[in-house]
Structure formats: C-alpha cells, structure tokens
Amino acid sequence: MNLHHKKLPSTGRGLAYSLAFCVALAAAAPSRAVAQQIASHPAPGATAAQFGCTLPPDSSKTSDKAQTHITPEQARQLFALVDVLMKFSSGESGLPIKSTVKRQLITRDAVVKYLEEKFNEDQGTKRLERDEIVLKKFGLIDHDFELKPFLLALLKEQIEAYYDSKTKTVNLLDWVGPDDEQPVLAHELTHALQDQHSDLEKWDNQTPDDVSTDAAGDKVHLARDEMDTARDAVAEGQATAVMWDCVLKPMGRSLIKDPAVIELLESQMSKEQDSPVMARAPLLISESMLFPYREGLSFEQDVWMDQGQTAAFAGALDRPPTSSWEILNPRAYENKLIPAIPIMPDIHPLVDAAYKPYDIGQVGQLDVRILTELLGGDNASRDLTPAWNGGLYWAGQLRSATTPAQQADTASISLLYLSVWKNAISADFFAKIYANNLGRKYTRVSEISSGTSAIGGGSMERLFTTNEGPVLIVTRGKMAFVAESFPLSIARKLATLLLDAQGVGPTRMAQAPSTPAAPVVPSGPQGSTLTADLVQFFAEAGVTKAVIDAERRAIEK
C-alpha cells in the first residue's frame with residue numbers, strides 16, 4: 001500500500017522532511033576531534049568554492065542542547081551561513097539561485113506545538129492512521145503497535161532544520177549552533193534550489209490521495225502509485241549528495257572521486273541507532289525512513305557518474321523517474337525503460353456488496369525486501385528480492401463494521417495480494433514462507449487442505465482457517481496469490497480473476513485510462529508501495545540525525 005506517497009499536505013517539504021533526514025542522518029558518530037580533522041570552518045570572506053561543512057558532534061552526547069538557546073551572535077552567524085551554503089549547494093548541484101531564501105529561528109516549544117497540531121489535524125496523518133490497519137493485516141507491524149504515537153515521538157526526538165516549500169522558508173532551530181547546523185543546512189538549501197527550479201508543491205504531488213472505488217480508479221492508482229516515491233528519492237538523494245560533498249570537499253574528495261563512500265554510508269545507515277525511539281522501530285519504519293536517502297543517494301551518484309551533473313540534478317527534476325524500481329536500478333532510468341506491473345481486473349461486482357473499498361496499491365521491490373526479511377530472514381530476502389517481478393494488493397473493509405472499535409480491528413479487513421516472480425521456484429518459495437508465517441498475525445491457524453486447485457490452469461493451493469477467517473494461497477507458474485479473510489467462494493473467484501487476467505508471457509503495464517499506452521518492458525519489475533506513505537512521510541520530514549550519524553561513522557572509517 002502507498003505508505004510513502006500520501007504526504008502531510010500543510011507541511012510542504014517541511015517537518016516531515018526534517019524528521020526523516022534528522023532521523024536518518026543520526027547513525028554515524030565519530031568523535032568531535034575526528035570531525036574537526038576532516039572539516040573546515042569558513043574563514044572571513046571565504047567563497048562558496050572554498051567552503052566545507054563541519055560535522056556536528058555525536059548527537060548521543062549532546063542531549064542538553066535541547067535545553068539551551070543559541071546566542072544572538074550565533075544566530076547572526078547562522079543566518080549568514082544560509083547565503084554561503086546556498087551558493088555552495090548551487091555550485092555542487094548546478095541548480096541556479098533564482099531568489100533569496102527566507103530564514104527564521106524556531107524554538108523547540110514551537111516545533112513540538114506545530115507537530116502536535118499537524119498530527120491532530122492533517123489529512124496526511126489521518127491517511128497514515130488508515131494505512132496502519134492494512135500494515136497490520138499484512139504482518140508488517142504488530143497488531144499492538146501504535147503508529148501515530150511512535151511517529152510523533154520520533155519527530156520530537158529527531159527534528160533538526162527544515163525547508164518549507166509552502167512559505168519558501170528555511171527554519172533554523174534556536175538550540176542548534178552554526179557549526180552543528182552546516183551539513184543539515186547544505187541538505188535543506190538544496191531543497192530550496194529544487195523548489196526554485198521545479199516548484200516542489202506541484203512536482204512532488206503526483207499520486208492520487210483518494211480511495212479508489214471502481215475499476216477505472218484502480219487503474220489510475222496503480223499506474224501513478226510510485227511517482228511520489230521515486231521523486232522523494234530524487235529530491236533526498238540530491239540533497240544528501242550535496243551535503244556529503246560539503247563534508248568531503250575540505251579533504252579533496254567527492255562522491256565522484258570516491259564512489260566507495262556510498263557503500264560506507266549504506267553500511268553505517270544499516271547499523272543500530274543510538275536513538276531510544278529508533279531502537280524500538282519495526283523494520284518497516286526504519287527501512288522506509290532510510291530509503292529516500294540511502295537508495296536515493298546511490299541513484300544520484302550513478303547518474304552523476306554515468307551522465308554528469310546536469311543529468312543527475314536538473315535532468316532528474318525535469319524527467320523524474322516514475323518508480324522505485326528505477327531508483328534501485330538507475331541504468332533502467334538512464335535507458336528510459338518503462339516498469340511493468342500486474343493487471344488489476346474489475347473485482348468490484350464481486351466484492352462491493354459486502355466490502356467498502358479501503359486501499360489499493362503496488363507491492364514492490366522494497367516492500368518485498370522488507371516482507372521476505374520478516375518472513376524468512378536475511379537469506380530469504382537476498383534470494384527472493386532480485387527474483388521479484390511485480391505485485392499489487394487490494395483491501396476492503398466489511399460494510400457491517402460500523403463502530404470505531406470494529407473498524408480498527410484487522411478482522412474487518414479482507415485482503416488480496418498478487419505477486420509475480422521471475423521464475424516458478426521463487427513463486428513457490430515465497431508462497432511457502434508466507435504460509436509458514438501466518439501464525440505471526442493470526443491465532444488458531446490450521447491447514448485444512450493442499451494440492452491441485454479447483455480454479456484450474458495448473459494452479460496449486462493451500463487453504464487455512466484462522467481466527468479472522470480463511471486464508472487461501474494459490475500458485476500458478478511464476479505467480480503467487482493470497483486471499484485473506486474473504487469467504488472461500490469469493491477468494492477462489494478472486495484468484496481466478498487475478499491470475500487469468502495476467503495471461504501468459506511478460507508482465508504487462510497497468511495503464512490509467514487518461515494515459516497513453518506505454519511500451520512494455522518484459523524484464524522490468526516495479527517498485528515499492530506497501531511502504532509508500534511511510535517513505536514519503538519520512539522524506540518530507542527533512543534531514544534526520546540518523547543519516548548525519550551514519551555519515552560520521554562512514555567518515556571515521
């Protein structure tokens with residue numbers, strides 16, 4: 001489901017962005033002495049070309065900063081630093097400065113109040129709350145996990161600076177001094193340059209936010225589902241690349257000169273965080289948070305090395321990728337390949353009488369990487385993720401669920417999931433580990449039959465009973481189909497519709513009625529959307545401490 005495409009609408013590229021990068025950059029912590037050895041302060045009259053970023057100290061050792069305020073002189077230096085870093089970011093990205101960026105100091109109390117108001121009022125947050133029940137139905141988060149309080153605590157803990165594309169203002173925290181703010185500002189001011197080039201409010205708002213209620217709407221959602229995910233990765237990858245070069249420049253290094261730095265950053269981002277809140281984060285949340293920065297940075301570096309600075313920055317903004325598959329496979333983007341996703345037939349005559357459409361989306365490569373790691377561990381994830389070749393899901397809520405308690409219960413949700421693989425062995429393996437893990441999310445799980453399926457076509461099926469109704473798992477060639485909590489007669493009809501719709505041969509492209517036909521790329525898998533709303537939520541939160549701390553660890557290496 002689109003856990004990263006539904007943004008907090010009134011934050012712009014604001015608090016949601018600050019959160020993500022402030023959390024994501026908090027993973028690497030060399031000592032202050034090491035940071036001082038690799039970075040330089042701007043001397044009076046320094047030009048942008050001479051400037052380099054100083055990494056802030058280990059965030060785990062500076063918790064008292066939140067209780068202090070910077071001095072008026074530090075505030076003056078911080079405001080002046082915006083102009084210096086704006087020039088630096090422009091030079092590194094090739095994106096021109098078209099106007100002066102507004103800047104303001106903001107207190108911690110003001111940030112916390114703003115966050116709490118947005119969590120109570122924003123439609124984006126309400127969409128995340130809707131997503132929660134489907135994530136629990138999939139088993140991606142535990143049934144007793146409370147998403148909203150966790151994300152609010154994470155934001156409060158991890159916030160740094162943020163650029164708000166609605167007000168065209170970079171917001172500077174009044175408890176963080178100029179030295180500590182440099183890499184964060186380099187990142188956030190790259191967003192300001194992107195905004196001046198592409199108008200981020202329009203550019204990063206492509207995926208439908210509404211609930212699809214008919215077959216035409218299903219096609220639109222599936223065709224456009226990944227766009228914001230891919231654009232978030234471009235925006236964050238570019239900003240992270242500029243920030244990295246700000247840190248590396250004093251050492252005579254850069255992402256282009258030292259491509260191995262990406263491997264260092266990725267390894268450090270994967271380490272456990274010092275953050276008390278992040279230590280409790282499910283795999284889904286930590287991976288969704290890091291995706292735009294880690295994989296986005298890798299995408300930008302590959303395009304930059306292959307096609308140059310213009311292609312990596314202005315080019316990627318002018319012709320953004322449309323899927324996370326392109327982010328994970330930059331050469332596919334460079335070669336203008338079109339990703340394929342399964343076809344969604346019209347299931348509404350079959351389900352609408354009993355179910356209110358609740359959610360629809362793709363299940364992509366990132367989703368499968370997370371899901372298979374949860375179900376089968378690292379080895380299963382390494383084996384299955386490259387073999388994945390597309391996926392979609394649909395969730396409906398029982399019309400008989402009328403009370404808030406009933407609607408918050410996963411038993412009110414019925415779910416179908418079609419996954420397509422590059423070979424039948426992978427489809428069978430995935431179906432097996434999926435079946436073996438039904439006990440993670442249901443009680444009273446019992447397998448009551450297995451063997452040749454009544455739906456024909458060479459299909460094999462396994463049928464289970466659970467405390468939330470039947471679970472039907474069907475495999476046919478390279479496809480695996482799952483129906484959970486539907487009556488068995490409807491589950492088998494859905495399996496027939498979905499599997500027969502794919503036909504034989506390469507996976508096809510799901511087209512929205514208003515979009516022209518696109519060429520099919522038989523080998524092109526599609527990207528991730530079960531994690532979509534979370535990925536975008538974190539991308540919009542801004543530069544996070546987790547990513548900065550990861551940077552420290554990589555530099556120390």
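The values are calculated or read from the model by the stated rules, or taken from the named source; none is laboratory data. Just so we're clear, the structure is a prediction, and the values are computed from it rather than from any experiment. Quick reminder, even Gly has a Cβ in these numbers, built from the backbone with ideal geometry, and neighbours come from all protein chains shown.
Below are the figures for this structure:
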quantity	calculated
Filtered residue count, the range 98-113, keeping only those that are in contact (Cβ under 8 Å) with a residue 60 or more places away in the chain and surrounded by fewer than 16 Cβ atoms within 10 Å (Cβ to Cβ)	5
Only listed residue being more than 21 Å from D225 (Cβ to Cβ), out of contact with any strand residue (DSSP E or B) (no Cβ under 7 Å at 6 or more places or on another chain) and at pLDDT below 95, chosen from P282, P292, P349, P339	P282
Members of the range 284-300 that are out of contact with any Gly (no Cβ under 8 Å at 6 or more places or on another chain) and within 18 Å of A260 (Cβ to Cβ)	R294
Condition check for G177: in the same structural domain as P292 (by TED's automatic domain parsing) and closer than 30 Å to P72 by Cβ	yes
Some residue of the range 161-176 being polar (S, T, N, Q) and closer than 30 Å to A395 by Cβ	no
Any hit, the range 453-460, residues being within 30 Å of V220 (Cβ to Cβ), surrounded by 14 or more Cβ atoms within 10 Å (Cβ to Cβ) and at pLDDT 95 or above	yes
From the options L384, L375, residue that is surrounded by fewer than 23 Cβ atoms within 10 Å (Cβ to Cβ), assigned to a helix (DSSP H, G or I) and of a type in the set (A, V, I, L, M, F, W, C)	L375
Residue list for the range 391-410, restricted to those being outside any loop (DSSP other than H, G, I, E, B) and either assigned by TED's automatic domain parsing to the domain that holds A215 or surrounded by 17 or more Cβ atoms within 10 Å (Cβ to Cβ) (or both)	G391, L392, Y393, W394, A395, G396, Q397, L398, T410
Hits in the range 392-436 (condition: closer than 25 Å to P357 by Cα and acidic (D, E))	D409
Failed item, numbered, when G364 is tested on (1) surrounded by fewer than 18 Cβ atoms within 10 Å (Cβ to Cβ); (2) within 30 Å of E146 (Cα to Cα); (3) in contact with a Gly (Cβ under 7 Å, 6 or more places away or on another chain); (4) not aliphatic (A, V, I, L, M)	(1)
Residue among S426, S414, S419 that is part of a helix (DSSP H, G or I), touching a residue at least 24 places away in the same chain (Cβ under 8 Å) and either out of contact with any Phe, Trp or Tyr (no Cβ under 7 Å at 6 or more places or on another chain) or outside the structural domain of D142 (by TED's automatic domain parsing) (or both)	S426
Subset tally (residues that are acidic (D, E) and part of a helix (DSSP H, G or I)) for the range 143-173	1
Residue in the range 168-195 that is nearest to P96 (Cα to Cα), counting only those that are of a type in the set (G, A, S) and under 24 Å from the mean Cα position of the chain (by Cα)	A192
Breaking point among (1) aliphatic (A, V, I, L, M); (2) closer than 20 Å to D232 by Cβ; (3) surrounded by 24 or more Cβ atoms within 10 Å (Cβ to Cβ), for A332	(3)
Criterion (in the same structural domain as G252 (by TED's automatic domain parsing), in contact with a Ser or Thr (Cβ under 7 Å, 6 or more places away or on another chain), polar (S, T, N, Q) and modelled with pLDDT of 85 or more) met by exactly one of Q77, Q104	Q104
Considering residues of the range 307-357 that are assigned to a loop (DSSP other than H, G, I, E, B) and among the β-branched types (V, I, T) only, the residue farthest from T190 (Cα to Cα)	I347
So V482, is it surrounded by 17 or more Cβ atoms within 10 Å (Cβ to Cβ), in contact with an Asp or Glu (Cβ under 6 Å, 6 or more places away or on another chain) and modelled with pLDDT of 95 or more	no
Qualifying residue in the range 277-294 (condition: closer than 23 Å to H197 by Cα and part of a helix (DSSP H, G or I))	yes
Set A405, A431, A411, A424: member being of a type in the set (A, V, I, L, M, F, W, C) and within 16 Å of A495 (Cα to Cα)	A431
Count of the range 322-355 residues which are farther than 30 Å from S485 by Cβ, under 18 Å from the mean Cα position of the chain (by Cα) and hydrophobic (A, V, I, L, M, F, W, C)	2
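Residues checked against (1) at pLDDT 95 or above; (2) among the basic types (K, R):
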| residue | (1), (2) |
| --- | --- |
| L185 | no, no |
| S198 | yes, no |
| K202 | no, yes |
| Q206 | no, no |
| D209 | no, no |
| A215 | yes, no |
| K219 | no, yes |
| R224 | no, yes |
| D232 | no, no |
